[in-house]
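Asker: The structure that follows is given in the form of structure tokens.
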Amino acid sequence: MRSGVKVAVVGGVFAVVVGGVGYGAYNVLDGLGDSGVGGGTDSKATSSEVRTGPVTEDEIADTSEKFLAAWAKGDAAAAAQLTNNEGDAGPALTGFSESAHVTQAVITPGRATGSTVPYTVKATVSYGGKTKPWSYASKLTVVRGLTTGHALVDWAPSVIHPDLDKGESLETGESKTASIEAVDRNGEVLSKEKYPSLGGILDELREKYGQKAGGTTGIETWINNANADGADQTLLTLVEGKPGRVPTTLDAKVQAAAETAVKKYDKSSVAAVEPSTGAIRAIAGNPAGGFESARFAAVAPGSTMKIVTAAMIIQNGLGSANSPVQCPSDVTWLGVPFHNLDNFSMPHPTLKTAFARSCNTAFIKAIGPLDQKDKADTALVDEASQYFGIGRNWQAGVKTFDGDVPASQGAETAASYIGQGKIRMNPLNMASITATAVNGRFLQPYIVPKELDGRTFATAAPLPGGVSAQLKQMLRYTANSGEGTATQAMASVRGDKGGKTGSAEIDGHATSDSWFTGFSNDLAAAALVQSGGHGGTAAGPVVAEVLRAGP
């Protein structure tokens with residue numbers, strides 16, 4: 001990108017600023033018709049010779065500069081022609097001024113990294129006699145058109161704003177929902193600025209409870225959600241509405257710890273639940289504002305699922321925490337081999353020590369008798385649903401994916417016992433599973449009191465006598481003994497504590513997902529670090545930091 005270049009709108013007239021000197025907008029566009037801007041739709045080749053190969057540094061600088069100039073000038077048609085998707089880019093760029101009501105803007109490009117050019121937008125939004133400055137950063141990528149050979153901006157809605165996704169648009173006006181003031185369990189105000197991971201949750205709470213809480217509307221700039229039942233995302237507030245107070249179960253101290261913990265790893269998420277009540281005390285993810293893995297992820301949980309498998313073994317009379325089991329380095333189920341990490345074996349393990357070392361083969365061999373009773377394919381399904389509340393349509397006050405343990409066949413059945421196969425979970429699900437093991441019965445996670453709207457919580461049967469005590473014994477041993485895989489991660493956690501590591505292999509990923517779940521006193525937490533490797537290495541420290549902030 002050429003240094004010292006700014007694309008600006010001043011008083012509704014757009015200009016390029018170079019070294020502080022302004023030039024008329026149309027002068028910026030002089031000669032564009034001869035530079036290949038026309039035909040930017042990648043469909044109108046004008047020469048028999050189409051340039052190929054990677055875009056050059058000069059092409060990246062030239063194309064990005066002209067695109068930003070046309071966008072800043074308010075010439076959506078010219079800017080769209082400089083992209084590889086004119087049909088989608090044109091309306092979106094037009095909406096920047098006509099729907100979002102941006103009246104002034106300065107777009108400042110940064111230094112290109114390869115073919116990607118970052119930039120900052122400093123804008124003024126005006127509506128109904130009210131104005132307010134608006135600043136954010138985004139980026140674009142320059143690619144070569146497949147048919148024209150021209151250098152073009154690779155179009156995506158995020159070019160306009162980083163939070164925009166396909167099918168979404170910017171709008172400024174009177175807000176569609178009433179304002180809220182969400183507070184934690186102690187009355188502390190929860191804001192997106194202080195707790196960025198809560199952005200989506202706060203938007204959803206506003207959508208659902210703003211009017212019920214007595215709030216009024218204001219004037220805002222927002223993203224219209226692509227889903228009809230999705231919550232719009234507020235980006236800028238020009239005039240505050242009167243907020244209605246919405247109580248939540250979140251704990252600001254625990255939430256702050258969760259926000260800090262997930263920043264240590266890319267694509268990480270964590271959730272914390274109070275076993276004695278089901279109250280959600282914290283939920284966070286990195287990157288904040290991205291896909292909310294803590295409540296929406298649907299991925300294999302690895303060996304953290306052995307909590308449920310252990311409960312199933314005990315309830316079906318196949319073993320107990322201190323009964324002997326077999327832990328060879330490998331085992332075959334219907335002709336398919338399964339191995340332990342690094343092919344380790346244990347000479348004389350119990351179910352508790354096999355759980356602590358995360359012996360896969362022990363948890364597969366122990367289920368063998370169920371196969372002879374035609375229960376092997378469904379036993380884990382029944383256990384997860386009937387006692388741990390998985391897949392029971394939770395009514396948390398915000399949307400959640402409530403886990404899925406489907407019936408399986410063949411080798412997938414064995415894989416499911418160790419948290420692979422078709423099983424799908426997220427940190428909120430696994431925190432709830434740990435909370436159920438500790439409490440002895442499932443209490444549905446929730447983030448706002450059910451009295452606020454009279455919704456009905458999901459229920460499940462309590463764990464039969466003695467099962468919870470044995471699960472807690474195994475969790476404690478895994479986090480406190482010298483051979484437990486959770487011991488190192490939980491070393492800094494105080495009080496009555498327990499934990500379980502997990503690593504889940506994902507197709508196409510060179511490194512497994514890192515999982516960890518644990519409890520300390522009356523707080524249970526679970527974390528996922530995608531492609532993080534061993535559970536105790538990445539997800540473990542995330543959970544430990546959250547638990548240390550608890551009671």
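Asker: Would you check if there is a residue in segment 514-530 being of a type in the set (Gly, Ala, Ser) and part of a loop (DSSP other than H, G, I, E, B)? Quick ask: steps written out before the conclusion?
Answerer: Let us first name the residues in segment 514-530 that are of a type in the set (Gly, Ala, Ser), namely 514, 518, 520, 524-527.
When the remaining residues are screened for being part of a loop (DSSP other than H, G, I, E, B), the result is none.
No: zero hits.
Asker: Here is a further query. Conditions first: (1) surrounded by fewer than 24 Cβ atoms within 10 Å (Cβ to Cβ); (2) within 22 Å of THR309 (Cα to Cα); (3) of a type in the set (A, V, I, L, M); (4) over 19 Å from the mean Cα position of the chain (by Cα). ILE506 passes all but one, so which condition is the exception?
Answerer: (4)
Asker: Going through GLY389, GLY403 one at a time, which residue ends up being touching a strand residue (DSSP E or B) at 6+ places or on another chain (Cβ under 6 Å) and closer than 30 Å to ARG206 by Cβ? Outline the logic, then answer.
Answerer: Numbers: GLY389 fails: touching a strand residue (DSSP E or B) at 6+ places or on another chain (Cβ under 6 Å).
Only one candidate qualifies: GLY403.
Asker: Which residue is nearest to ALA258 (Cα to Cα), if the candidates are limited to segment 192-232 and must be in a loop (DSSP other than H, G, I, E, B) and of a type in the set (A, V, I, L, M)?
Answerer: To start, the set of residues in segment 192-232 that are in a loop (DSSP other than H, G, I, E, B) comprises 192-195, 210-218, 225-232.
Within this subset, residues satisfying the condition of being of a type in the set (A, V, I, L, M) are 213, 226, 228, 231.
Details: ALA213: 27, ALA226: 29, ALA228: 30, ALA231: 23 Å.
Of everything passing the filter in segment 192-232, ALA231 is nearest to ALA258 (Cα to Cα).
Asker: Can you name the condition, by its number, that SER269 falls short on among (1) of a type in the set (Gly, Ala, Ser); (2) part of a strand (DSSP E or B); (3) surrounded by fewer than 19 Cβ atoms within 10 Å (Cβ to Cβ)?
Answerer: (3)
Asker: Next question. TYR127 passes all but one of (1) of a type outside the set (D, E, K, R); (2) surrounded by 16 or more Cβ atoms within 10 Å (Cβ to Cβ); (3) within 29 Å of the chain's Cα centre (by Cα); which number fails?
Answerer: The single condition TYR127 does not satisfy is (3).
Asker: Given the condition in contact with a Pro (Cβ under 9 Å, 6 or more places away or on another chain), in a strand (DSSP E or B) and surrounded by 17 or more Cβ atoms within 10 Å (Cβ to Cβ), answer yes or no: does some residue in segment 182-191 qualify?
Answerer: Yes: one or more hits.
Asker: Turning to a different aspect of this structure: Could you tell me whether PRO449 is within 22 Å of LEU351 (Cα to Cα) and surrounded by fewer than 21 Cβ atoms within 10 Å (Cβ to Cβ)? Even if it seems obvious, please write down each step before you answer.
Answerer: Numbers: within 22 Å of LEU351 (Cα to Cα): no; surrounded by fewer than 21 Cβ atoms within 10 Å (Cβ to Cβ): yes.
So PRO449 does not fit the description; no.
Asker: Mind checking whether some residue in segment 139-155 is modelled with pLDDT of 95 or more, loosely packed, with under 15 Cβ neighbours inside 10 Å and not assigned by TED's automatic domain parsing to the domain that holds GLY210?
Answerer: For segment 139-155, residues modelled with pLDDT of 95 or more, loosely packed, with under 15 Cβ neighbours inside 10 Å and not assigned by TED's automatic domain parsing to the domain that holds GLY210: absent.
Asker: List pairs: first in segment 460-476 and part of a loop (DSSP other than H, G, I, E, B), second of a type in the set (Phe, Trp, Tyr), Cβ under 7 Å, 6+ apart or cross-chain?
Answerer: ALA460/TYR387; ALA460/PHE388; ALA460/PHE442; ALA461/TYR387; LEU463/TYR387
Asker: Out of segment 318-334, which residues are assigned to a loop (DSSP other than H, G, I, E, B), out of contact with any Leu (no Cβ under 9 Å at 6 or more places or on another chain) and aliphatic (A, V, I, L, M)? So that I can check it myself, show each step before the final result.
Answerer: Within segment 318-334, the first condition is being assigned to a loop (DSSP other than H, G, I, E, B), and the residues that meet it are 318-323, 325-326, 328-329, 334.
Imposing the further condition that a residue be out of contact with any Leu (no Cβ under 9 Å at 6 or more places or on another chain) reduces the set to 326, 328-329, 334.
Within segment 318-334, just LEU334 meets the criteria.
Asker: In segment 458-503, what residues are crowded, with 17+ Cβ neighbours inside 10 Å and within 30 Å of ARG206 (Cβ to Cβ)?
Answerer: Once the filter is applied, which keeps residues that are crowded, with 17+ Cβ neighbours inside 10 Å and within 30 Å of ARG206 (Cβ to Cβ), segment 458-503 yields only ALA458.
Asker: Would you call ALA123 hydrophobic (A, V, I, L, M, F, W, C) and either assigned to a loop (DSSP other than H, G, I, E, B) or at pLDDT below 95 (or both)? Break it down into steps so the answer makes sense when it comes.
Answerer: Numbers: hydrophobic (A, V, I, L, M, F, W, C): yes; either assigned to a loop (DSSP other than H, G, I, E, B) or at pLDDT below 95 (or both): yes.
In short, yes.
The values are calculated or read from the model by the stated rules, or taken from the named source; none is laboratory data. Computed from a predicted model, the values in this text were never measured in an experiment. Reconstructed Cβ throughout: ideal geometry from the backbone, glycine too, with neighbour counts over all protein chains shown.
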